[in-house]
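What follows is one structure encoded as structure tokens, with my remarks underneath.
The values are calculated or read from the model by the stated rules, or taken from the named source; none is laboratory data. Computed from a predicted model, the values in this text were never measured in an experiment. Note that we place each Cβ from the backbone using ideal geometry, even for glycine, and neighbour counts take in every protein chain shown. SASA here: full protein model, heavy atoms, side chains in, ligands and nucleic acids out. Shrake-Rupley method; radii C 1.70, N 1.55, O 1.52, S 1.80 Å.
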Amino acid sequence: MVLEFLKLCTYYVIFWFYSILHKKRASYNLKDLTKTNNAGDWLAEKLDKNERYIIEGSAENGDHLYIELDTVNKEAFLILQVGESLFTLPGSYAHVLGFDEDNYLVLTAGPLRIELRDPFRRWRIVIRGILRADDGTDHFVRFHAWWFPTSDPNYFLQSLSPTQLAETACALDNLYFVKELENRNDFFQWGLVKAHILVDGSNEYFLDFRGVRIRTLPLDSNSICITDFFVSYMKHGNRILLYRVHCPETSYHIKGGSFFYSNLHQKSIEIFPNNFSEFTLNGKTYSLHQNEKSDFSFQLTKSITKLKYLDVSLSDDQDNGYGYMVSTKPVWNQEKGKKFKESIKVLNHKASPTEQKLKVLRLTHQACRDPTLAGGKGSNLAKLSGLQDTFSVPPGVVVTVSAYLEHLEANPKLKYLIEKVDTNEDLMEIEKLIKEEFLRSSMSPELKDEIIVQLQRIFGKDRLGGLHFAVRSSAVGEDGTELSSAGQLETFLQVPIKNISEKILECWASNFRHEIVRYRKENGQLLNVPVAVVIQEMIENGAISGVMFTNDPVKGDPSFLVINMIEGLGEELVSGQKTPTEMVMKKSLDFIKKPENMLISEEKCRELAKVGILLEEAFNAPQDIEFVVKDGEIFVVQSRNITNLDLETEWELEHEFDRAVATDDDVISTANVGEVLPYAISPLTCDFLLDLYDRTIHTLVYGENVSQAPQFQHYAPIFKVYQQRLFFNLIDSYMRNWETLSKDRIPEYALAGTKLFTDEMFEIGSRRYPKLSRMDHIRKLKFLAKVMFFESSNYLPMAKKYLDAMESIKISSCDSKAAISALMQQRDLMCQILFLHASASMYSSFTYVFVAMILRGSAEGDLTPEILSDIATIYSRNTYEIVSADVPKSMKKLAKAIYEEDLQEKFKSMENPQTAIDWLLSLGSKSGELARTFMETHGHRGLNELALLGVAWRDDPGHLVKNLRVRSS
């Protein structure tokens, strides 16, 4: 025992020094606190193939959400309690069907889709599909949500205390495990899932699920990972997370946790029993009263997890809420795990350097599956050819991207015109020039011969002359998973062999039609993309053509297939020349809707539906399939992803840039923010400027206690956004001083010009923030005196200095990297200017409070109408010019001068506002003098002036001229 104790003490001393050396010093530099997300944040947040992700939350009414993803074993589990129904994935859990392997930003698991939009700030969560209720019935659920943070991430394995590290080293008898922890990015982050839910197209819910998201390693990863945890996000904003971390090859668990107070401070927890019934914090033991509401369990391939959903109350704190208790154990016998049938997958292929040089490929050639060589359409057809069994793909070839690029090299003028697409604004003109030049050019004899040779090998020399072909453009990037430009490039039908080379040229030219170039511009795609051409045998004479959707294309319901078909060519269906017959089927192959006179038999319809189900599974996404049925045989002539099913809804677009409040108790108001930002703010303003505003106010709110302030990089506690309108969080800004404000109402007049605070808000403040000590009050007075008597005179000179520095930074329009660097330099300077501006505003508020207190004759009390009138009189007779207050007065004087000099008719007759203001400025009369003074003093002001899209009057006088015309009438 003595040796063990000495070892523990030795390890403690080692890790104490280790923690001192590796401790990250808190920074209170505004520049550091307002850094935007960088490459490191994206690396830390992007989805990985060796992770366990958990997102959970509960709503105020007790509804709840739990999502767990295991990317190692590619499995997912989901619980959604809405109203009276508890939903899960059919079969309890799902195989993770899709993983975005290019950038690891999107993950799909059955009906679940999760997208990373902004590291640690914004995730998109979508459920669109069939979920099973606890009564065994299936329901079509559309769940659209945004996840927003209510804290910064806590890298809990990197911040273990010396005691925890020492105890673990003793248990493992190994000091070097800490090296693994240094490189681990396991974290938890508190947040809110803001959701719009639609069940069976009629039952609608709007819910806010507050909870935590956790990222760690799966249990079978043979590394340190979480096995058990308790989490509760309480009504008044207190948050508790307790966890047990398993050390591999031992029975030892590291215990840890965090208590995140509603006032945004947090403390670590290390002492609690295994059943999470209590915890010790700052030497005091708190009980966690847990009333089990429901329990669940689910088994994945290598683990079994038990969940309890709890009604939780915290002793001695009068706070309560909901929470989860989660326990995960390994399944050592993998045969006990559920088995999935082997999925049919398309065969992808990356063309080798040698294959990349090929000019003509059969659809059955493996290199044809590479979309960078065969284009989107050609690549899909090649993959379909590899799946032929219960259906056929009309044979043919692809004239590859290499042939297209070689043609451009042989025609320099054509290449020159195409290179100008990026800069030419007249899209119709450039389309015309490119098409004319393509049609003037000639295909090389070698390429013509190779096309003929390949077609003869497929169809035979004798048959070739009597066949007709479909010649179709196949651009790189066409028919993608997110965007599709299908139908915009050229397609030619019933083309005889003698006309194929001509139609290939026309297909190449259609790559630059103004519609497709505009589409690419609007969706941020490359404008000059290479294009291949597909040549396929036409299926004619007595054929039935149609289109099949493996999801309902309108409602998005994945349990339905919708089939439209006509007699004749499919082009007549797509173009609307013929009205199709429509059939709707369940994926169980039962008919929901069918016409009286069916073009094909019910049995053939079911065969067709089976083909659709197979292709949906193979391509891992709902499919839009073009088919032909002739003589009982099913031909698939194209299959592409349906790209509009998971687009953002109108509700999502309205709320994408919201900023979450920590609790439903929080009160937000436009206050005086509505004066300077009266309209919806742009996404760029949200991401680029609001953090500057927030950190500035947050720093000033703490004043002399700024070193004790909780610091955030990804969460903004002061400024909130709702439907792209800016609001001020009154609780986390003003209610820190609830005790003073409840006695002295002057600050709310300074904030909003009227009474704003309520008794309920003071109660929330008293619950969230402790009373200030005598020393806190002394620090506040010291800070006030420093601002009023020592620092305020420096604000304007310093701001001018920073403004001059901003103007000296030149932004290049040619070098994007240099432009971004220059913008970030300007942003850092703007941060300092905003701090000075906010400090000057604080000085103004202090002055207002000081004057009001003198007039009132006491330090406490309300302001009567008489006192408010006296304050207005004092300010109006101030010998110092109050520049910001002078705007309406100067505008009124200028309008009056225009009226008195009888200039209003001519002023109103000028249609162009710039012409009108230039004319006014050129006058030698009183109106001209007042106009010049106004523009010199206030020309930098303007409507929506603090937004990035705000324009100063000197740059766009439209609003100013309109105002003057009304006033001078």
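Some observations on this one:
- Residue within the stretch 446-461 that is over 22 Å from ALA374 (Cβ atoms) and of a type outside the set (A, V, I, L, M) present: yes
- Here ALA872 passes the criteria (1) touching a helix residue (DSSP H, G or I) at 6+ places or on another chain (Cβ under 7 Å); (2) closer than 30 Å to SER793 by Cα; (3) assigned to a helix (DSSP H, G or I) except the one numbered (1).
- Residues located in the stretch 230-239, provided they are over 13 Å from ASN154 (Cβ atoms) and surrounded by 24 or more Cβ atoms within 10 Å (Cβ to Cβ): PHE230, SER232, TYR233, GLY237
- Test: residue in the stretch 245-260 that is open to solvent by 10 Å² or more (accessible area, probe 1.4 Å) and under 27 Å from the mean Cα position of the chain (by Cα): no
- Hits in the stretch 394-417 (condition: open to solvent by less than 10 Å² (accessible area, probe 1.4 Å), in contact with a Phe, Trp or Tyr (Cβ under 9 Å, 6 or more places away or on another chain) and part of a loop (DSSP other than H, G, I, E, B)): PRO394
- Looking only at the stretch 760-785, and only at residues there that are among the charged types (D, E, K, R) and under 23 Å from SER845 (Cα atoms), the one that is most open to solvent (accessible area, probe 1.4 Å): ARG774
- Single residue of ASN61, ASN103 found to be at pLDDT 85 or above, surrounded by fewer than 17 Cβ atoms within 10 Å (Cβ to Cβ) and not basic (Lys, Arg): ASN61
- Counting only residues that are over 30 Å from the mean Cα position of the chain (by Cα) and outside any loop (DSSP other than H, G, I, E, B), the stretch 509-536 holds 9 of them.
- Boolean, VAL961 is assigned to a helix (DSSP H, G or I), within 41 Å of the chain's Cα centre (by Cα) and closer than 30 Å to CYS686 by Cα: yes
- Residue check for LYS377: among the charged types (D, E, K, R) and in a helix (DSSP H, G or I): yes
- Summed over the stretch 278-310, the residues that are in a strand (DSSP E or B), at pLDDT below 85 and of a type in the set (Lys, Arg) give a count of 0.
- Filtering the stretch 664-684 to residues that are acidic (Asp, Glu) and either touching a Lys or Arg at 6+ places or on another chain (Cβ under 6 Å) or surrounded by fewer than 20 Cβ atoms within 10 Å (Cβ to Cβ) (or both) leaves ASP664, ASP665, GLU675.
- Only one of VAL628, VAL661 that is under 25 Å from the mean Cα position of the chain (by Cα), of a type outside the set (Gly, Ala, Ser) and buried (at least 19 other Cβ atoms within 10 Å of the Cβ): VAL661
- Residue check for SER766: more than 31 Å from the chain's Cα centre (by Cα), farther than 27 Å from PHE688 by Cα and modelled with pLDDT of 85 or more: yes
- Criterion applied to GLU431, GLU437 was being farther than 20 Å from GLY378 by Cα, buried (at least 19 other Cβ atoms within 10 Å of the Cβ) and touching a Lys or Arg at 6+ places or on another chain (Cβ under 7 Å), and the one residue passing it is GLU431.
- Count of residues meeting criterion [of a type in the set (Asp, Glu) and open to solvent by less than 40 Å² (accessible area, probe 1.4 Å)] in the stretch 605-625: 2
- Unmet requirement for LEU569, which otherwise passes all of (1) closer than 26 Å to VAL471 by Cβ; (2) buried (at least 21 other Cβ atoms within 10 Å of the Cβ): (2)
- Whenever a residue of the stretch 460-480 is in contact (Cβ under 8 Å) with a residue 12 or more places away in the chain, its partners that are of a type in the set (Phe, Trp, Tyr), lying with C-beta atoms within less than 7 angstrom and at least six residues away or across chains, give the pairs LEU467/PHE459; VAL471/PHE492.
- Scanning the stretch 178-193 for residues that are polar (S, T, N, Q) and outside any strand (DSSP E or B), we see that the one that is surrounded by the fewest Cβ atoms within 10 Å (Cβ to Cβ) is ASN183.
- Filtering the stretch 462-482 for residues that are assigned to a helix (DSSP H, G or I), among the basic types (Lys, Arg), modelled with pLDDT of 90 or more and open to solvent by 60 Å² or more (accessible area, probe 1.4 Å) leaves an empty set.
- Contacts under 9 angstrom Cβ, first residue in the stretch 685-705 being over 17 Å from LEU823 (Cα atoms) and open to solvent by less than 20 Å² (accessible area, probe 1.4 Å), partner modelled with pLDDT under 80 and of a type in the set (Phe, Trp, Tyr), 6 or more apart: GLY703/PHE783
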